[in-house]
Amino acid sequence: MRTYLYCEAGFVEKAQWLPNSWVNVVCPNNDDFEFLTKTLNVPESFLDDIADTDERPRTDTEGNWLLTILRIPVVNKQNGSLPSTLYRLELSLITRLSCPSVITTRIYYRIS
């Protein structure tokens, strides 16, 4: 799922991408990866790293782009009688250094 947030007195969700928008992608699919590489010119190597389930938290640069990958444990508490489910959130921040662009991707991996 991909959303576009544009800053107008706070972030406002838009139906399509506009320059200087924040692009938020949850569980990116091939269409999302194609949009990021073809429309926004995000380096393909960054997207390969994001899709790698064994990727470690780190930062990397390529040209005018900066990639930051974080891993965050997340507990999904259902109801009191069921055990909680543990997920690992892989949060990626992609920013273009030459002009303000922010892209975030979130992928959830079930651990238990």
Test ASN20 against the criterion of being part of a loop (DSSP other than H, G, I, E, B), out of contact with any Phe, Trp or Tyr (no Cβ under 7 Å at 6 or more places or on another chain), surrounded by fewer than 14 Cβ atoms within 10 Å (Cβ to Cβ) and at pLDDT 90 or above, and give yes or no.
-> no
Within region 41-77, considering residues that are part of a loop (DSSP other than H, G, I, E, B) and in contact with a strand residue (DSSP E or B) (Cβ under 7 Å, 6 or more places away or on another chain), the one nearest to LEU91 (Cα to Cα) = PRO57
Pull up region 1-17, narrow it to residues that are part of a loop (DSSP other than H, G, I, E, B) and of a type outside the set (S, T, N, Q), then point me to the one that is surrounded by the most Cβ atoms within 10 Å (Cβ to Cβ).
-> TRP17
Here the qualifying pairs (Cβ atoms under 6 Å; residues six or more apart or on different chains; first in region 90-106 and modelled with pLDDT of 85 or more and of a type in the set (Ser, Thr, Tyr); second in a strand (DSSP E or B) and loosely packed, with under 15 Cβ neighbours inside 10 Å) come out as THR95/VAL102; THR104/LEU93
Which condition breaks for SER84 when tested against (1) of a type in the set (Gly, Ala, Ser); (2) at positive phi; (3) without any contact (Cβ under 8 Å) to a residue 12 or more places away in the chain?
-> (2)
Those residues of region 23-40 which are of a type in the set (S, T, N, Q) and either in contact (Cβ under 8 Å) with a residue 24 or more places away in the chain or part of a loop (DSSP other than H, G, I, E, B) (or both), in sequence order = ASN24, ASN29
THR53: at pLDDT 90 or above, surrounded by fewer than 11 Cβ atoms within 10 Å (Cβ to Cβ) and either under 24 Å from TYR109 (Cα atoms) or out of contact with any helix residue (DSSP H, G or I) (no Cβ under 6 Å at 6 or more places or on another chain) (or both), yes or no?
-> no
In this structure, does LEU89 turn out to be part of a loop (DSSP other than H, G, I, E, B) and aliphatic (A, V, I, L, M)?
-> no
From ARG2, ARG71, ARG96, residue being touching a helix residue (DSSP H, G or I) at 6+ places or on another chain (Cβ under 7 Å) and not hydroxyl-bearing (Ser, Thr, Tyr) | ARG2
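The values are calculated or read from the model by the stated rules, or taken from the named source; none is laboratory data. Since the structure is predicted, the reported quantities are computational estimates derived from the model, not experimental observations. We place every Cβ from the backbone using ideal geometry, glycine too, and count neighbours over all the protein chains shown.
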